[in-house]
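Structure first, then comments.
The values are calculated or read from the model by the stated rules, or taken from the named source; none is laboratory data. These numbers were taken from a predicted model, which means no experiment stands behind them. Ideal geometry is used to build each Cβ from the backbone, glycine not excepted, and the neighbour counts take in all protein chains shown. Quick note on the areas: whole protein, heavy atoms, side chains included, nothing else; ligands and nucleic acids left out. Shrake-Rupley method; radii C 1.70, N 1.55, O 1.52, S 1.80 Å.
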Amino acid sequence: MAELVNARRQGRIAIIAIDRPERRNALNLQVKQEIVERLQALAGDDDVAVVVLTGEGGYFVAGTDIAEMEPMRPTDHVRLETDRLFHVVRHCPKPVIAAVEGYALGGGCELALACDMIVAADDAQFGQPEIRVGIMPGAGGTQRLLRTAGRYKTLLWCLTGQMIPAREAHAANVVSELVPKGQALARSVEIAEQIASMPPLAVQAIREAMRLGADVPLDTALALERRLFERLFDSQDQKEGMRAFLEKRKPAYQGR
């Protein structure tokens, strides 16, 4: 069976690209499994600092493969772990950036939302059109949109299944940055390189504070942030970063 997902390296950046052009990169079980395998392989690779997730052929992901999904029963979703990909992306130990061109619909929108940030072409289209085929978002679409765009936008989008232009998604804080058509991957790599140059322990701590602090009371989140902040003062990178600042030189971070 031909591979539908390829991975390549660009310095300390890993690029995972879905390559299923005949279906506009629609997610089937094979694509999901291959992305999981690539991410798991990269998770333990110390030479990789950031992962960029994208699609070939001018599309991110046009949705989940309806032909494969239509005959499924509830137990099939449980047995096949059809939502596992989204958990793996969300909990990847490396920052993951979605580089979106064309469509990010249904499961494709949820895949982008599972990433740490989204860089999108200004003509890209997002959306959760599941209601139009008799179902609803089932891999984080309602909940992640609710926590970014708010209740009223999320209900509009999910109850109508309408397309969400990238500019509207950006205005609603769903998209991190807009770029001209064809530039999403290049810009994502630029951002990834910036992150890769930062102290790894601080990157990890910031992601942990954001991930765990988002859905707890503010006082709890602030306490978590403070503990993570204090813990970094035991790192060599904190000493190196501050000494380099005082000595007016470029820091050399080691992740220790």
Here, Arg132 and Arg226, labelled 7 Å along Cα→Cβ, have an inter-label distance in nm of 5.0
Between the Cα axis of helix 218-231 and the main Cα principal axis of the chain, the angle (0 to 90°, nearest 10) is 50
Taking His91, His170 and ranking on accessible area (1.4 Å, protein atoms only), highest first, one gets His91, His170
For segment 1-90, the percent of all C-alpha pairs falling in each 10 Å bin, from 0 up to the bin holding the max distance, is 16, 47, 30, 7, 1
Share (percent) of C-alpha pair distances in segment 163-256 greater than 18 Å works out to 63
Here the net charge surrounding Gln143, from other residues whose Cβ is less than 15 Å away from its Cβ (Lys, Arg +1; Asp, Glu -1), is +2
If the chain between Gln238 and Ala67 were fully extended at 0.36 nm per residue, the gain over the current Cα-Cα distance would be 56.4 nm
Mean separation of Cα contacts under 8 Å (at least 6 apart) over the residue count of the chain, i.e. the relative contact order in percent, is 15
Taking a crude spin-label model, label points 7 Å out from Cα along the C-beta direction, the Asp19 to Arg207 distance in nm is 2.5
On each of the three principal axes the extent of the alpha-carbon atoms of segment 144-194, given in whole Å and largest first, is 37, 21, 14
A chain fully extended from Arg147 to Asp83 at 0.36 nm per residue, minus the present Cα-Cα distance, gains in nm 21.1 nm
Length-normalised contact order of segment 178-256, Cα under 8 Å, at least 6 apart, in percent, tallies to 28
Largest-first semi-axes in Å of the equivalent ellipsoid built from the Cα gyration tensor of the chain are 32, 21, 18
Segment 35-139: relative contact order from alpha carbon pairs under 8 Å, six or more residues apart, as a whole percent, is 30
Scan of the chain for GluC sites (Glu not before Pro) in DSSP loops with at most 14 other beta-carbon atoms within 10 Å gives a longest site-free stretch of 82-246
